1. Quick check: residue separation of B:Leu48 and B:Arg105 times 0.36 nm, minus the Cα distance between them. What number comes out in nm?
2. Counting only Cα, what are the radius of gyration and maximum Cα-Cα distance Dmax of the stretch A:258-326, in Å?
3. Would you tell me the mean number of C-beta atoms belonging to other protein chains that fall within 10 Å of each C-beta in B:164-176, as a whole number?
4. Along the Cα→Cβ direction, 7 angstrom out, place labels at B:Trp149 and B:Thr163. What is the inter-label distance in nm?
5. If amide hydrogens are placed 1.01 Å from N in the peptide plane, which non-local residues have theirs closer than 5 Å to the one on B:Phe173?
6. Can you give the average number of partner chain beta-carbon atoms within 10 Å of each beta-carbon in peptide A:337-346, as a whole number?
7. For the pair B:Gln35 and B:Met1, what calculated FRET efficiency results from E = 1/(1 + (r/R0)^6), where r is the Cβ-Cβ distance and R0 = 35 Å, to the nearest 0.05?
8. Give me the inter-chain shielding for A:276-282: mean count of other chain Cβ atoms within 10 Å, whole number please.
Amino acid sequence: MSVITASSGAMNVPALAAGRALIETRLVWWYFAASLTYMIVAMLAGFLFSLQFLQHYPLAGIELFSPGRWRLVHTNGVAYGFIANAFLGMLHWAVPRLTLRPVRGRGLSYFIFFAWQAVVLATVVGLLTGQAQAVEWGETPTWVDPVALAGLILVAVNFLHPILQVQGPMYVTLWYYVAAFVWTVLVYAMGSFLPEYFVGGAASGAIIGLFIHDLVGLFVTPLGWGMMYYFVPILLKKPVWSHGLSLVGFWGLAFFYPLTGIHHFLYSPIPMFLQYGAVISTIAVELVVTTVIINFFMTLRGRGDALRTNLPIRWFYTGMVFYFTTCLQCAFQATLTFQKIIHFTDWVVGHSHLVMFGVFGFWLLGMMTHLIPRLVGAGGWYRPSWNAWHYWLSTIGMLVMFFDLVIAGLIQGFQWRDLAPWEDSLVASAPFWLTRAVSGTMIIIGQFFFAANVVMTMLRRPVGSGEDSADAAAAAI
Amino acid sequence: MFETKSGVFAIAGLGFFVLAFLVMGLLPWLIYVDQPELTVEQIAEQGLLHEFVELHERFPAEFERYFGGPPTKENFAAALRRGHEVYVGEACWHCHSQQVRPVSRESERWGPVSHANEYQNELQRPVLFGTRRVGPDLSREGARRTNDWHLAHFYNPMSVVPTTVMPAYTWFFDERGYPNRDGMSIITYVQWLGSWLPEYPYYYGEGPPQLTPPTRGAQDGVAQGPGRGDDGREG
């Protein structure tokens with residue numbers, strides 16, 4: 001549908017007469033470069049932390065390399081460095097195309113880029129110097145929070161400006177984006193300030209639960225699905241199968257997802273009727289997710305060959321299979337029955353890795369696989385086979401890590417329930433922690449293939465190409 | 001409404017978020033809003049912790065240098081506050097929970113199930129329920145082990161528990177191996193956890209036989225928590 005809009009929107013083109021390029025291609029590329037840099041840093045931080053579990057931490061006794069602090073760099077680097085940067089680049093690519101208007105301001109866009117890198121760097125420095133805030137995934141030091149929130153508001157202003165000028169109904173992608181801009185600002189403000197300054201005790205647990213889950217559900221998820229609704233029809237050259245199911249998917253997510261947060265603290269002193277509500281809405285989310293998955297796989301029907309021939313499509317649909325897996329898992333693990341055993345175990349760690357890397361990481365990497373040669377003005381990838389290595393190492397590493405941690409979680413949970421000595425659960429976990437480190441290494445090697453390919457594609461692009469031909473290539477899509 | 005800017009912005013974006021916040025965030029907030037929330041000073045007002053005084057007895061010169069004199073309510077509050085900062089900054093709460101659940105026989109392993117009132121103080125803002133238990137729950141850790149055990153354990157955990165995966169926190173110590181201000185503070189904080197309970201420091205209700213007659217009958221069978229027999233508890 002977006003393809004049709006882009007080619008039939010001639011009457012809107014005077015909006016471009018202001019003399020500005022529609023797309024700031026260079027900025028998209030900068031965001032992706034920053035995103036990949038943080039991705040590799042965050043993954044190496046995770047690997048470093050995993051060595052602590054093998055009793056072989058190489059930098060033991062150095063305060064700045066305190067394993068707990070690097071765990072925070074791992075999770076926050078993934079959220080705010082890797083995923084946020086990649087989404088911002090993607091938004092600069094997609095939103096002007098969907099609205100046929102440039103974003104609010106060119107200078108503003110560049111300002112946001114540098115401001116956001118400053119926010120992420122300040123977060124890393126703050127975490128490494130021991131200034132974390134006790135909100136999971138919102139450990140961003142308290143002095144960074146207001147700056148980050150101001151940045152998110154500027155992002156919303158910058159992208160809502162063209163969107164709000166669109167006349168008539170919007171394409172699916174823009175529903176998700178408009179809602180995501182509102183939600184991200186509200187979620188960040190709620191999680192960063194309420195538990196720290198306004199409410200304590202068990203009630204702050206309820207708000208932290210909302211924050212943790214809203215960050216996934218109302219920031220990452222809508223931007224991710226909006227991206228799928230944009231790129232999948234373009235790459236498959238056919239419209240999304242059912243507009244009705246698109247509506248069900250968006251409005252179902254919008255209603256049920258914000259209600260689920262307390263499922264992070266079942267059996268806690270948070271009132272029980274709210275815990276029941278969180279469990280029910282979590283299961284409802286799974287039903288909504290099923291409609292979205294059906295919609296996308298029916299869209300793929302008849303074009304299944306694309307899974308073989310089109311690597312970005314393969315990334316996207318692998319991510320969707322993982323998405324369905326992780327949501328189905330969630331519908332079970334969020335019940336009181338499962339929580340008795342799996343809460344506080346590695347099961348949850350496996351779940352979160354599948355969500356953040358297996359789903360959204362895969363989608364973003366697929367999107368970059370599609371866009372980066374166009375951004376840097378190269379005809380194609382330096383070595384397509386390296387991208388295949390990237391995909392397979394990531395996929396196999398992810399699958400191994402997921403099943404490894406889920407099984408480890410079950411073993412830990414049952415040992416605890418059976419009142420085995422605590423140390424027994426450490427001994428039993430050791431082989432699983434080793435497997436986790438190995439599978440993580442596979443994933444990281446895969447990312448090195450991709451990073452090397454990006455660099456070589458940059459260096460070996462045809463002489464005389466650059467921003468101009470990149471714009472030409474972009475315009476040709 | 002379903003595909004328009006105003007519908008998506010106002011109903012899905014603002015409306016549904018606010019609705020969820022009212023139900024899932026504001027409601028528990030209002031339920032607990034009348035519970036008093038203790039400041040650290042009010043906690044210190046209730047009396048000095050035995051282990052805090054003992055740190056002074058063991059390292060008098062260092063203690064007085066770090067805390068400006070012998071133990072008082074003021075520097076006890078300062079130690080608790082700093083210990084909490086260290087606990088958060090080192091991400092201790094990502095591997096240790098502070099929440100005993102009413103399931104999975106947790107009360108047999110750790111002690112009484114957590115109650116909402118336990119979290120109504122400044123050191124639970126934001127609340128430290130925890131997210132993962134690589135190491136044990138710490139909400140009933142106070143007085144379970146001696147200061148000496150904690151000193152050795154923070155300096156080199158594997159010297160005390162060979163199978164542990166806890167990092168060594170050598171920067172909690174000075175060059176002679178004595179605890180510095182952060183080291184004394186984190187030990188004070190950990191030794192304080194659970195000290196508000198009526199069961200403290202006998203989380204399973206046994207108590208010293210000459211002082212407290214057993215009142216919980218059949219519960220005495222779990223007096224010594226499984227897997228916890230060799231932990232240096234004072235009795």
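1. Details: separation 57, 0.36 × 57 = 20.52 nm, distance 3.23 nm.
Gain in length upon complete extension: 17.3 nm.
2. Reported Rg and Dmax, both Å: 17.0, 53.
3. Working: counts 4, 10, 5, 11, 5, 5, 4, 6, 1, 0, 0, 0, 0.
Per-residue shielding by partner chains comes out at 4.
4. 1.7 nm
5. B:Asn180
6. That works out to 4 on average.
7. Numbers: r = 41 Å, r/R0 = 1.18.
Working from the Cβ atoms, E equals 0.25.
8. Values: counts 0, 4, 2, 0, 0, 3, 0.
Taking the mean over all residues of the peptide, I get 1.
Any read-out appearing in this document is the output of simple, stated calculations on the displayed coordinates, not a laboratory observation. Bear in mind that the values here come from a model prediction, so they are computed numbers and not experimental data. Positions of Cβ are generated from backbone atoms using ideal geometry, with glycine treated the same way; all protein chains shown enter the neighbour counts.
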